[in-house]
Structures are given as C-alpha cells and as structure tokens.
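Asker: Below is the structure I would like to discuss, written out as structure tokens.
The values are calculated or read from the model by the stated rules, or taken from the named source; none is laboratory data. Here the structure is a predicted model, which is why all the values come from computation and not from measurement. Positions of Cβ are backbone-derived with ideal geometry, glycine not excepted, and every protein chain shown enters the neighbour counts. SASA here: full protein model, heavy atoms, side chains in, ligands and nucleic acids out. Shrake-Rupley method; radii C 1.70, N 1.55, O 1.52, S 1.80 Å.
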Amino acid sequence: MKRLRDDDACPGALQVHQAADGALARLRLPGGMIRAAQLEALAHTATEFGNGTLELTVRGNLQLRGVRDAGAVADAAAAAGLLPSPSHERVRNIVASPLSGRVGGMADVRPWVTELDSAIQADPALARLPGRFLFGLDDGRGDIAGLGADVCARVRDDGVALLLAGRDTGIRIEPAEVIAALTTVARRFTEIRGNAWRVVELDDPAPLVSDFQPTAGAGATCPPVLRPPVGWITQDDGEVTLGAAIPLGVLAARQAEFVAAIGAPVVITPWRSLLVCDLAEGVADTSLRVLAPMGLVFDENSPWLDISACVGSPGCEKSLGDVRAEATRVAAEEAIDGHVHYVGCERACGSPPAGQVFVATAEGFRPASR
C-alpha cells in the first residue's frame, strides 16, 4: 500500500501524537529490553502524567496515553535512560527473538541488539528513516522472521540470512557482518524511498541489496508466530523466565510496579506480552502467585492469547466502535478459532500478519478483507 502523506507522524517521546483521548508518547525499547528500574519509572510517569496505563505495542515498545505534560514525560524517559539520542529516538525500532540467549535458539542475538542500536544512533543518515521502519534479529527459531520486518537477520545453518520485508533474499552473511549489512540496507532505503515508509511499499527493493551477492535460493518466508511464550519457562541455565500475556496489551501502572519490584530484567515481546527473566525458582514461584491474581495471564489456554484490538473509541477519533469492549466480550463469551483482531476502522491498526480481522461499522463488526 502506498502512503499518501510525505510527513512522518509516527509518535515518539519527543514528537507525541494528539489522539482523541489526549497526547500519546511512544518509548522505543530495542529488542523489547527494559530494566526493572526503567519500568518502574515509566509506571510512575504514566500515573502522574498519563492515564495510568502502559500500552505494549506489536513492536515490543511501550506507550503512554492521555499524556497531560509531554515535556515531563520526555524528561522522565531521559532520566531513566530511555532517550539516548533525541535525533534518532523514533528510528530505534528493533525487534529480536525475546527468549534469545536464555532458551533455545541457534545464537544469542542480544549483543546484536545493543550493537545495532549504537550503530543506528551513530549514523546521521539514519535519522532520516521513517518511524515505521523496522529492524529484525531472529536467533534461528523463526519467531521474528515471520513478522515482516523491513530488514532482518536470521541465523541459519548456512550462515545468517538477510531478509527484506519478510522474504529471504538468498544473501548469507557472517555474524560479524550483521550490523554493517543491516545499516547499509537502511541507509540505502533513505536514499531511494521517495515517500515510501516501508520496504514493502517500494516498486523494486533490489537496489537495497545491490552490494551483496546471493549464494542461496531466494523468496522463502517464515510462517508468522501469533502467540506469545507464556507460563513457567525453564531457561537453559536452570533459572526461570515467567511469560505473561497482557490482555489487549494494556498494563496498569500498578501492575507494572509489581513487575518492576521483582528486580529482574524484563522483555516486552511483539505479541503484547512480557517476560520476567533470570529468576531463581523460589522468586519465580512467589512472583507468579502475586502477578496472576492481578490479571497477568500465564495460562497458555487462555483466550487472551488469541485476541487483540486497536485502541478504538474513545481513544481514536476515526474509530466507529468500542473495539476493546467487543474484544473483552468475545474473550468472555465466545469460542475463538485462531487469532482474531478487532479494529475501529479500515486502517486496521496493529493487525497481526495472519488470522481474522473484524472492523467496526455503524451496524456492528464485520470481517475485513485481507
């Protein structure tokens, strides 16, 4: 789909979006990684200057709605170490395999997250990337490769595959070349994109990888992963990760404070869930007993793992219905077959790469064409 506007209205911590329910600020979390103290700071900020919630996004970021003082939110983010580069803050969009380095996978891509984030911030040209441009790092399990990132490095047996818009280019690179390859593609995109915001919108993406030589078959894609890892997850080192789905991606500030109080690393996943990592068994057991009654979902059979929604009314002026209310009703009353996503208008914000999408109309909700 071609974008009709040339300006980039994607919100950040410094450039907020004026929604129907107030300003919206988005904090980029490369790889979804956030320290406990940072999460606690954002929870306090949401209570003092927002609507008292943190929203988890499909890119593993966090956003605050109903912001009453955008400057105070930006200051709080900077004080927490979440705003390292004002010039690049909206382009630090990096998703990575959330369990990488802890459970399974063919490589630990966490160091790549840090290196890529630093490389993006160090390149003045990449400040011109659209706020929607997405980098992906897949540790070989295929969870990130199926999300359609603009450029993605996926670990494979035959090397690290370079993907464009979710498709294997046939190009294989060495692990030491990953950061340079991803930033080269991104830099080339800024030069040829015109008014395209995503690689998939280009008529011909081939110039993005003209500096590389394919050595394998091209065109392969990964099936999208639609469900987050939840429950008690034993790490390869014997410690525990707790995976919690967050219904409709809305985490109350009070819930966030309790998660932060555990004092463990947290990962926000692209499936609107979170991981609390590196826990001793006793700490994990106590944390589970506290967080589950508060509404965090650790049951892999819960309908909340298969249902999502955009913000809808009253938060979005374009919405024709209260989609979160409808999604909540469906989760409580109906059997769900596969993933379903409810949206308030034809823009279908936040839609997953597969599953059913239902659009609000004046008469109710109808299936969307995909």
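Asker: Convert 4 °C to kelvin, take the viscosity as 1.567 mPa s, use the Kirkwood radius over C-alpha pairs of segment 86-242 as Rh, and evaluate the Stokes-Einstein diffusion coefficient in µm²/s, rounded to a whole number.
Answerer: The diffusion coefficient I find is 81 µm²/s.
Asker: Can I ask one more? Tell me the per residue accessible area of segment 94-234 using a 1.4 Å probe; a whole number in Å² is fine.
Answerer: Result: 39 Å² of accessible area for each residue.
Asker: Tell me, what % of the accessible area of the chain is carbon and sulfur with a 1.4 angstrom probe?
Answerer: Heavy-atom surface of the chain belonging to carbon and sulfur, 1.4 Å probe: 52 percent.
Asker: Given the rule -39500 (n - 2.57) for each run of at least 4 DSSP H residues, summed and divided by the residues of the chain, what is its mean residue ellipticity at 222 nm, to the nearest 500 deg cm²/dmol?
Answerer: The helix contribution divided over the chain gives -7000 deg cm²/dmol.
Asker: In addition: For segment 1-71, run through the GluC sites (Glu not before Pro) and keep only the ones in DSSP coil with at most 14 other Cβ atoms within 10 Å of their Cβ.
Answerer: Answer by residue number: there is no such site.
Asker: Which whole-number value in Å³ per residue fits the convex hull of the alpha carbons of segment 120-181?
Answerer: Cα convex hull per residue, to the nearest whole number: 86 Å³.
Asker: Moving on to the next point. Can you tell which of VAL178, GLY142, ALA9 lies farthest toward the positive end of the dipole of the chain, using +1 and -1 charges on the Cβ of basic and acidic side chains (Lys, Arg; Asp, Glu)?
Answerer: ALA9
Asker: With springs only between Cα atoms under 10 Å apart, run a GNM on the chain and tell me which of VAL109, VAL290, VAL276 wobbles the most.
Answerer: VAL290
Asker: Report the convex hull volume per residue for segment 25-106, counting only C-alpha atoms, in Å³.
Answerer: Value for segment 25-106: 98 Å³ per residue.
Asker: Name the helices (complete DSSP H segments) of the chain with a Cα length along the long axis of 20 Å or more and a Kyte-Doolittle mean of at least 0.0, or state none.
Answerer: Once both thresholds are applied, what remains is 178-192.
Asker: Now a separate question. Express the accessible area of segment 243-370 per residue in Å², computed with a 1.4 Å probe while the remaining protein chains stay in the model.
Answerer: 44 Å²
Asker: Once Rh is set to the Kirkwood radius over Cα pairs, what Stokes-Einstein translational diffusion coefficient, in µm²/s, holds for the chain at a temperature of 20 °C and a viscosity of 1.002 mPa s?
Answerer: Answer, rounded: 102 µm²/s.
Asker: Give the accessible surface of segment 13-80 per residue, rounded to a whole number of Å², with probe radius 1.4 Å and ligands, DNA and RNA excluded.
Answerer: Ligands and nucleic acids excluded, the figure is 36 Å² per residue.
Asker: Label points 7 Å out from Cα along the Cβ direction at ASP158 and ASP69: separation in nm?
Answerer: For the pair ASP158/ASP69, the computed spacing is 5.8 nm.
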